[in-house]
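No value in this document is a laboratory result; all are computed from the given coordinates. Since the model is a prediction, treat every value here as computed from it, not as a measurement. Every residue, glycine among them, receives a Cβ derived from its backbone with ideal geometry; neighbour counts consider all protein chains shown.
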Amino acid sequence: MVVEDDPIVRRSLVTCLQRLEIPVLAVSSCFQANEEQEKEPADLVITDMHLPDGNGMDLLKGFRKANPLLEVIIITGFGTIESAVEAMKLGASNYLLKPFTTSQVELAIAQIAHHKELREENAILKTELAAQVESSSLLSVSPEMGEVQKLIARVAPTNATILIEGESGTGKEVIARTIHEKSLRADKPYIKVNCAAVPENLLESEFFGHERGAFTGATMKREGRFELANGGTLLLDEITEISLPLQSKLLRVLQEHEFERVGGSRTMKVDVRIIATTNRKLTEAVAKGLFREDLYYRLHVVPIKVPRLAERQGEVEYLLNKFLEKFARQHNKAVPKVSAIALDQLAQYAWPGNVRELRNYAERAVILANGDGELSFSDIFPSHITPAQDAVFGDGKAFPTLGEVEKRLIYLALKSTAGNRNEAANLIGINVRTLRNKLKEYEGKIAGDDKAEVEDEEAAESVEK
């Protein structure tokens, strides 16, 4: 909306806005501006400072009070530094002096559009960050992870050094972040070093920083992760990848809370809480001479052992549903349902990649889901992974009948007993004659010679007598 009582200036502004393909409404007074703003609020107002029934400052105050995001450009032929400062304090987006050029108006509008895009991008990033924080929070329902949660609650408020042990993909880093967020250092830096990802010759500089000229390529002074984490928490991810010489320097920092930058002589003091993670058994590394025993005991103040996903009761289904919901939002897809058979098969899967593997397959399932029916095992896993062959429910393509489950159970019992019908019958709680009759129904033939079959027959008759 253009608010200008001078018809020439008003027409010029309207033409400029139309050329930029911006829908525009022009009025000549404060009364008309207020009236039109109530009918259909504008996103941008260009108003003269001096109007027949008021001034642009009053419009600016009123409009911005009703809509703090409204963009307002003030124009005037009697500008002063004081009025410009006041306009900016009241929230004006720009302040133009008459006579102004079309280019000035276009530039002011372009700046407003750019700032609007930045605000929208910022809002999107905040939303995504909130979603990431939510997804990275420690989700669990199993008794095993419940014990881990209890331990976290006890140690987080302290300054104790924490050692988190567990296989890759079990969520060690999520646990470390949770400890930091629940600690008294939550508002301080949380810095991570992946010891396995940094070349060995650069790891010392990564830890402690370096002075200019300390080595080839060190063109300026650089702060290390310990300095960056001062007052907060430092996560040493996969700490077993550190060389023995660097382990001794790390031990000094943990004990004395001081170090020197590479190439420097000034001693730096830091207050940092250490959380270390490893996917190996540190005791074995110590026994092999690959890890310093004194550093091990310094880190092993409070150990947290993270169980494998396959060892967590009820966790697979819970986490799968959480991940499906998350990725459905992220990819603008409907949340897929998982069949009961598939859930049973997922619970029997070994999950060598642990939670990380489950998370990746959940995202894959959401992306490839066509919205037609429930997800089966093959909808979640790639083709080279098959469900457990001993699963009573079979391949999960369709829900089995009672007869199919019975047949599968009998063959599974025979397989478990190496074809011994008597043992198989006892295993599933039926007599051997019933088992034999069922096998005749299926027209199946198990491994074994005629003599074994005769012995089974005789044993069956003996049992019946």
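Straight-line reach from Lys407: which lysines fall under 22 Å, measuring Cα to Cα and dropping same-chain residues less than 8 apart?
Lys397, Lys415, Lys438, Lys440, Lys445
Find which of Thr233, Thr170, Ser265 sits farthest along the positive direction of the dipole of the range 145-307, computed with +1 on the beta-carbon of Lys and Arg, -1 on that of Asp and Glu, about the Cα centre.
Highest projection toward the positive end goes to Thr233.
Computed FRET efficiency, Cβ-Cβ of Glu311 and Ala218, R0 35 Å: what is it to the nearest 0.05?
The computed FRET efficiency comes out at 0.15.
From the mean inverse distance of alpha carbon pairs (Kirkwood) and the Cα radius of gyration, derive Rg over Rh for the chain.
In the chain, Rg relative to Rh is 1.20.
What distance in nm separates the two pseudo spin-label positions at Lys65 and Val24, each 7 Å out from Cα along the beta-carbon direction?
Placing both labels 7 Å beyond Cα along the Cβ direction yields 2.9 nm.
At most 13 other Cβ atoms within 10 Å and a DSSP loop assignment: could you name the chymotrypsin sites (Phe, Trp or Tyr not before Pro) in the range 42-110 that fit?
Taking the range 42-110 and a limit of 13 other Cβ atoms within 10 Å, the loop chymotrypsin sites (Phe, Trp or Tyr not before Pro) found are Phe78.
What FRET efficiency, computed as 1/(1 + (r/R0)^6) with R0 = 41 Å and r the Cβ-Cβ distance, is obtained for Ala347 and Leu246, rounded to the nearest 0.05?
Details: r = 43 Å, r/R0 = 1.04.
Working from the Cβ atoms, E equals 0.45.
Taking 7 Å along the Cα-to-C-beta vector as the label spot, tell me the Thr267-Lys288 distance in nanometres, rounded to one decimal.
Between Thr267 and Lys288, the simple spin-label model gives 3.6 nm.
Below 19 Å, Cα to Cα, which lysines can Lys221 reach? Residues fewer than 8 away in the same chain don't count.
Cross-link targets: Lys269.
For the cross-link pairs Lys281/Lys322; Lys65/Lys116; Lys188/Lys281; Lys172/Lys322, which exceed 29 Å when the distance is taken from alpha carbon to alpha carbon? If you can, show how the numbers build up before the last one.
On the way: Lys281/Lys322 31 Å; Lys65/Lys116 18 Å; Lys188/Lys281 31 Å; Lys172/Lys322 18 Å.
Among Lys281/Lys322; Lys65/Lys116; Lys188/Lys281; Lys172/Lys322, the Cα-Cα distance tops 29 Å for Lys281/Lys322; Lys188/Lys281.
What FRET efficiency would be calculated for the residue pair Ile81, Leu228, taking the C-beta separation as r and a Förster radius of 45 Å, to the nearest 0.05?
With R0 = 45 Å, the Cβ-Cβ based efficiency is 0.60.
Go through the range 361-374 residue by residue and turn each phi into a ³J(HN,Hα) via Karplus (6.51, -1.76, 1.60, θ = phi - 60°); whole Hz please, and just put x for glycine and proline.
5, 5, 5, 4, 4, 5, 5, 8, 4, 9, x, 9, x, 7
Length gain on complete extension for the stretch Glu181 to Val405, per 0.36 nm per residue less the alpha carbon to alpha carbon distance?
75.8 nm
So, in nm, how far is label Leu139 from label Arg11 when the simple model puts each one 7 Å beyond its Cα toward the Cβ?
It works out to 6.4 nm between the two label points.
For the range 88-98, just list the computed ³J(HN,Hα) in residue order, Karplus coefficients 6.51, -1.76 and 1.60, θ = phi - 60°, integers in Hz, with x standing in for Gly and Pro.
Computed from phi, the couplings for the range 88-98 are 5, 4, 7, x, 5, 7, 7, 9, 10, 9, 7 Hz.
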